[in-house]
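Report on the following structure.
The values are calculated or read from the model by the stated rules, or taken from the named source; none is laboratory data. This structure is a prediction, so every number in the text was calculated from the model and none was measured. Here the Cβ positions follow ideal geometry from the backbone for every residue, glycine too, while neighbour counts run over all protein chains shown.
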Amino acid sequence: MNNVLIFLLILLMPLLSSCDGPSQEAANVTAQSTVPAETQTAAKPVASPVDTAELEIGRALYQDGLRANGEPLTAIVTGDVEILGTQFSCDGCHGISGMGSKEATIIVPIIAGPILFAPAVQPERVAYDLASLATVLRDGVTPSGRQIGHLMPRFRLTDKELASLAAYLGSLSTGPSPGVDDSTIRFATVVTDNSSEQERNAVLAVLNRFAEEKSRQTRLESKRWDRGTTPESRLHTVHRDWILDVWELSGQESGWGEQLRAYYERNPVFAIIGGLLPESPGPLARFCEQNAIPCVLPSTRNPESGDGDLYSRYYSRGLGLEADLIATDLKELQFDVLVQVYCEASAARAADRLETDLTGRTIDTRRLAFDCDEETPIDQLQGLLEEPRGSVIVYWLDKGHLSNVAVPSGARVYFSSTLIGDEIEPLHESVSDSAYLVHPYRLPGTLDPAFRRMDAWTRTRNIEIRYPRLQGEAFFAAMLMSEIVKHLDKFYIREYVLDLLGHAQGMVLYLPYYSRPTFGPGQIYVSKGGYILPVVNGKLDTGSSDWTIPAY
């Protein structure tokens, strides 16, 4: 009997493969309509055209929990507990994209307009309209009469606010976003000419090889089946080849925005992965915000993030984090003079940050800036230090410029691990006390399984590891995006990428070099802290420093 059943299943498989519907994963995660998003007809919740001002009111309600006058919404949870909309904004559970989420046994449904305002098949429900949306948001009762759980707040919304929120939900897309078609998904990576050619080549060797292998179909991805439990869920997995464009930016930063726009107009991309922008990703971050493009983990020393930015994610705050770590270390220390020495623009920004952190203290702040093509001007430095004792010196310099730097006796000295690079030791063998390395990475000398994994991947592909941290960052950015794409299912929506990044905590096991990385909804930086490591006779003392998240 079993053999007969197996034979019948084999005969039916070609028929089942031609059926159309969503994967089981999408059904499990969102418990939503099995009607493909591209075939759904949205029932309009409002009849009149929507203006930009109304959409902005709806956006503020959805993402920030704020009314048009800037005051927070109020709501009731668990029956009688009053909360503010700023504590329980809609996107906190339903996501920026409105595509819902899942936490343990709690399923948060999709509320993007094309699905919310259309009938659902599984589980069956009628399309929401303005009246039924008002009922579920205010009273917690669905169109079928079901009482939803108490975790969902009962919001106190006016009719006008409800109409604005409905209009905003109607504007949320179910995809696909630009850069995706039936057979390919296009990405870009961005490199600038203020990095060395050797660094660019090393990073691109990793990214290009990763993208190339995603398109080889070595496991017959386009012919594989989803492993669902029902005939409707056993569908062909839609495999898309990866295309990775390299956007090279040159010249002054002021011209980068125009170069980015030209690249994008020629070939729109779904997202930007990794890249190398040592000095500043500011123009790239602004471009990504303006065009709603996820910009995922570029390698940079000086990330920039403005209030309300959504689309950029970084490994850490770079030199800004180092400045905050120094300020935290100096919080209880009395000193009279602060001298900061640097030659790069990113280091100048870090110096600005440190002085801002120390605002309000009576300190004489001094700086020594010079051309990076020249040696460190030791004579000028000595002129800034009439009396080293009671002074703090911060060397925002790479290892080459540190080679001829003297460490004045009696001064407290800090070095930047980010600028020194991968080979930290030895560091000033003459130093015996009061010298420290600011280190926002994993402790030197400790086991790094993620790096070993990346090292094995590169060695088996004959990729030389010349810049371990930069190449490790590139590898992780590509691996992370690959994992995110797997979970997009049929919804290739850029904002859904951001939501999935917020739930990618399981991926931190694959991130080399960084200590205690975390992903979370709305988090811009993966690593938030670091170490202040004493330098003794040119060697680092890694046993007497605690991980610190700075107070600034």
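A compact table of results
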| quantity | calculated |
| --- | --- |
| Filtered residue count, region 345-381, keeping only those that are in contact with a Leu (Cβ under 8 Å, 6 or more places away or on another chain) and in contact (Cβ under 8 Å) with a residue 12 or more places away in the chain | 16 |
| Region 168-186 residues that are within 12 Å of residue 494 (Cα to Cα), paired with ones that are part of a helix (DSSP H, G or I) and modelled with pLDDT of 90 or more (beta carbon under 6 Å, 6 or more apart) | 172/113; 174/114; 177/494 |
| Long-range neighbours under 8 Å by Cβ, at least six apart or interchain, first residue among the aromatic types (Phe, Trp, Tyr) within region 276-302, second part of a loop (DSSP other than H, G, I, E, B) | 287/293 |
| Region 193-213, subset in contact with a strand residue (DSSP E or B) (Cβ under 7 Å, 6 or more places away or on another chain) and part of a helix (DSSP H, G or I), residue surrounded by the most Cβ atoms within 10 Å (Cβ to Cβ) | 203 |
| Which numbered condition residue 380 misses (of (1) surrounded by fewer than 16 Cβ atoms within 10 Å (Cβ to Cβ); (2) in contact with a Lys or Arg (Cβ under 9 Å, 6 or more places away or on another chain)) | (2) |
| Lone unmet requirement of (1) loosely packed, with under 15 Cβ neighbours inside 10 Å; (2) touching a Leu at 6+ places or on another chain (Cβ under 8 Å) for residue 500 | (1) |
| Test for residue 306: is it without any contact (Cβ under 8 Å) to a residue 60 or more places away in the chain, surrounded by fewer than 23 Cβ atoms within 10 Å (Cβ to Cβ), under 22 Å from residue 473 (Cα atoms) and out of contact with any strand residue (DSSP E or B) (no Cβ under 8 Å at 6 or more places or on another chain) | no |
| Condition broken by residue 61, with the remaining ones in (1) more than 20 Å from residue 493 (Cβ to Cβ); (2) surrounded by fewer than 18 Cβ atoms within 10 Å (Cβ to Cβ); (3) at pLDDT 50 or above satisfied | (2) |
| Candidates 68, 104, filtered to the one that is out of contact with any Lys or Arg (no Cβ under 7 Å at 6 or more places or on another chain) and modelled with pLDDT under 90 | 104 |
| Residues of region 142-157 satisfying the condition of being more than 35 Å from the chain's Cα centre (by Cα) and either closer than 20 Å to residue 61 by Cβ or part of a helix (DSSP H, G or I) (or both) | none |
| Top-ranked residue in region 517-552 [being of a type in the set (A, V, I, L, M) and modelled with pLDDT under 90; ranked as surrounded by the fewest Cβ atoms within 10 Å (Cβ to Cβ)] | 551 |
| Residue 419 vs. criteria in contact with a helix residue (DSSP H, G or I) (Cβ under 8 Å, 6 or more places away or on another chain), assigned by TED's automatic domain parsing to the domain that holds residue 341 and in contact (Cβ under 8 Å) with a residue 40 or more places away in the chain | yes |
| Qualifying residue in region 244-261 (condition: under 21 Å from the mean Cα position of the chain (by Cα) and in contact (Cβ under 8 Å) with a residue 60 or more places away in the chain) | yes |
| Flag if residue 525 is among the hydroxyl-bearing types (Ser, Thr, Tyr) and within 24 Å of residue 402 (Cβ to Cβ) | no |
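Rundown of residues vs (1) in a helix (DSSP H, G or I); (2) more than 22 Å from residue 535 (Cβ to Cβ), yes/no style:
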{"site": "355", "(1), (2)": "yes, yes"}
{"site": "360", "(1), (2)": "no, yes"}
{"site": "365", "(1), (2)": "no, yes"}
{"site": "381", "(1), (2)": "yes, no"}
{"site": "389", "(1), (2)": "no, no"}
{"site": "401", "(1), (2)": "yes, no"}
{"site": "405", "(1), (2)": "no, no"}
{"site": "414", "(1), (2)": "no, no"}
{"site": "422", "(1), (2)": "no, no"}
